[in-house]
Amino acid sequence: MNKTDKKIWIYRGLALIVVIGIAAAMFVIGRGHTIYFDNKSAEVGGTTIDAPYSIEVYVKGEKAAKLKSGERGMADTMGQTFDMQLVVTKEKGGTSSRVNVSLPIPYNMDGVILNLPVLLAGKGPEDYLTEFIPTPSAEEEADEEVVTDETGDLMDFGDE
Amino acid sequence: MNKNNISDLMRRFSVPLMFVLICAVCAPVSGLSPSYLANEIVTRMGRNAFLILSLLIPIMAGMGLNFSMTLGAMAGEIGLILVCDWQIVGIPGMILAMIISVPISALLGLFCGKVLNMAKGREMITSYIISFFINGIYQLVVLYMMGPIIPIKHTSIKLPRGYGIRNTVSLLSMRQKLDNLIPLTIAGIKIPVATFIVVFFLCLVIVWFRKTKLGQDMRAVGQDMEVARDAGIDVERTRIISMVLSTVFAGIGMIIYLQNMGNIATYSSHSQIGMFCIAALLVGGASVDKASIGNVFLGIILFHTMFIVAPKAGTVITGDSMIGEYFRVFVSYAVITVALIMYETNKRRDKSKAGKQLALEQEAANE
């Protein structure tokens, strides 16, 4: 291998490494998650944490959900860190307080359920975060006929 | 300008002129507002331009209309299916799908180029049949290997039987993400600025590529293979590179196309795309051996205006929208047929002219 060929192969190798690097970065920054927010009372370590009257969830400055006690909302997010602002009203007619929350989302989970009252009570992720496992809908479970050739019927001359 | 020149020009631009007439008649009849029409055309320009531009390089290399651009489209679809299953969303999802599609497209382009080198002079029909052959392999991969061999996790993508991909895969997580990356609306018309930037960049690449050594080689090969070979150009290699580039661009173009649509028709998205892209290019005034960037954009405007107004005009004129549907499909195929006939006729006429010229020269030499 002469010097020029060697140079070419080095450039090709570097280009390949750059492309693989970009692909790896896309895997991390582009990972999509669906975040479900629960405003529900929960029991953690024998103590009951009560749900506040309402929680408003803002994601990227936009209102994602307004949850009364016992309700669930959702938002789609991209990346491994989820930032949100919570506006918490403890009692009906009471004053609201704003809380900024930033938390890491496990890579392997498509859907994540966050129990907001537990999160606000300062408990750990093992208490406020659980994986959302969807149950396939009847539509998804119904058998689907695959159409690979749209002109297939043209060759159907019927049974003799 | 003499009579011959005018008739030559008329013959050369007969297809675009015919489409201008069709659009001029159908547009007012359809009753669609100009702003709606403009919006639709701009959207379709962003959606299709990259795909149609991918056809220019093989034409430059004298390989005619690349019917096997569907190979690239299939590679793009495979990239998108995998990315959807991995839940990589938005622009990063598109970039990752492109990175996955490029090696698949390159391999398919390499295969196609090698086969076309064995079928010189019959490139178009060969590439058309190759697209059917690879479609069979694509179906084998997507229908049987995705699930048991290539892991697919999500039930929304996988068929209920446990392997194979559903007829439709939703791309909601990346729908119009590129189009809406730089939002701009002028006079009610939504402009997909980011998509146009990508398309503009490809146009620049094509213009630059034509001036490179490889680009000049391709043009030389396109004009005369034997002369190019005598000049020391590796004709076979140059033709293979043109096919690889075209297939890779088609794969990327398909991803841009599908992000705009918002879903993949797994088994049919790619099959029609080649036909409609080629038809649009020909409508823009291109021929089998000559095409430019201008032809691409004129073709998109005229062909898609016809596509939008024909069903509505059909409904108004006949009371049946299906007439318009049939009409636009019929016109797509007809325009390709006309272009192929014109190409063959011109080739034969040039050959006969050259023969006559040679005979005259020989006669003069004998005297």
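What to note about this one:
- Basic side chains Lys and Arg get +1 at the Cβ, acidic Asp and Glu get -1 at the Cβ, and with that the dipole of the stretch B:265-362 about its Cα centre reaches some 320 debye.
- Converting the Cα gyration tensor eigenvalues of the protein assembly as shown into ellipsoid dimensions via √(5λ) gives semi-axes, longest first, of 53, 28, 23 Å.
- Whether the stretch A:32-134 is rounded, prolate or oblate, judged on the alpha carbon gyration tensor where a/c under 1.5 counts as rounded: oblate
- Listed values for the stretch B:178-194 are Karplus-derived 3J(HN,Hα) couplings in whole Hz (6.51 cos²θ - 1.76 cosθ + 1.60, θ = phi - 60°), namely 6, 4, 9, 4, 10, x, 8, 10, 10, 6, x, 9, 7, 9, x, 4, 4, and x replaces Gly and Pro.
- Helix axis angle, A:3-29 relative to chain A longest principal axis, alpha carbon, degrees: 30
- Dipole of the protein assembly as shown [Lys/Arg +1, Asp/Glu -1 at C-beta], most positive-end residue of B:L360, B:F209, A:A138: B:L360
- Taking other residues whose beta carbon is less than 14 angstrom from the beta carbon of B:I191, and scoring Lys, Arg as +1 and Asp, Glu as -1, yields +1.
- The HN-Hα couplings worked out from phi for the stretch A:89-103 by the Karplus form 6.51 cos²θ - 1.76 cosθ + 1.60 (θ = phi - 60°) are 10, 5, 10, 4, x, x, 7, 9, 10, 9, 10, 8, 10, 9, 9 Hz, whole numbers, x standing for Gly and Pro.
- Net charge contributed by nearby residues that have their C-beta within less than 11 Å of A:E144 (K/R +1, D/E -1): -2
- Other residues with beta-carbon under 12 Å from the beta-carbon of B:H304 carry, at +1 per Lys or Arg and -1 per Asp or Glu, a net charge of +2.
- Alpha-carbon Debye profile of chain B, log10 I(q)/I(0) at 0.06, 0.10, 0.13 Å⁻¹: -0.25, -0.68, -1.10
- Pairwise centroid distance, computed over Cα atoms, of the stretch B:314-367 with the stretch B:9-45, Å: 22
- Using alpha-carbon coordinates, inclination of helix B:123-140 to the longest axis of chain B, degrees: 20
- Dipole magnitude of the stretch A:32-134, debye to nearest 20 (Cβ charges: Lys/Arg +1, Asp/Glu -1, about Cα centre): 400
- Computed over the stretch A:32-134: relative contact order in percent, which uses C-alpha pairs under 8 Å that are six or more apart: 31
- Using alpha-carbon coordinates, inclination of helix B:3-12 to the longest axis of chain B, degrees: 20
- Taking the helices alone, the protein assembly as shown has a mean residue ellipticity at 222 nm of -19500 deg cm²/dmol, built from -39,500 (n - 2.57) per DSSP H run of at least 4 residues and averaged over all its residues.
- Among the listed pairs A:K7/B:K120; A:K66/B:K190; A:K3/B:K213; A:K6/B:K213; A:K63/A:K90; A:K60/A:K92, those beyond 24 Å (Cα-Cα): A:K7/B:K120; A:K66/B:K190; A:K60/A:K92
- Each of A:K66, A:K7 was scored by other Cβ atoms within 10 Å of its Cβ. Listed from fewest to most, they are A:K7, A:K66.
- Under the convention that each Lys and Arg Cβ holds +1 and each Asp and Glu Cβ holds -1, the size of the dipole of the protein assembly as shown around its Cα centre is about 2040 debye.
- Spatial offset of the stretch A:80-144 relative to the stretch B:283-304 amounts to 52 Å, using the alpha carbon center of each.
Every number in this text was worked out from the coordinates using simple rules, so none of it is lab data. Source: prediction; values computed, not measured. Here the Cβ is made from the backbone with ideal geometry for all residues, glycine too, and neighbour counts use every protein chain on show.
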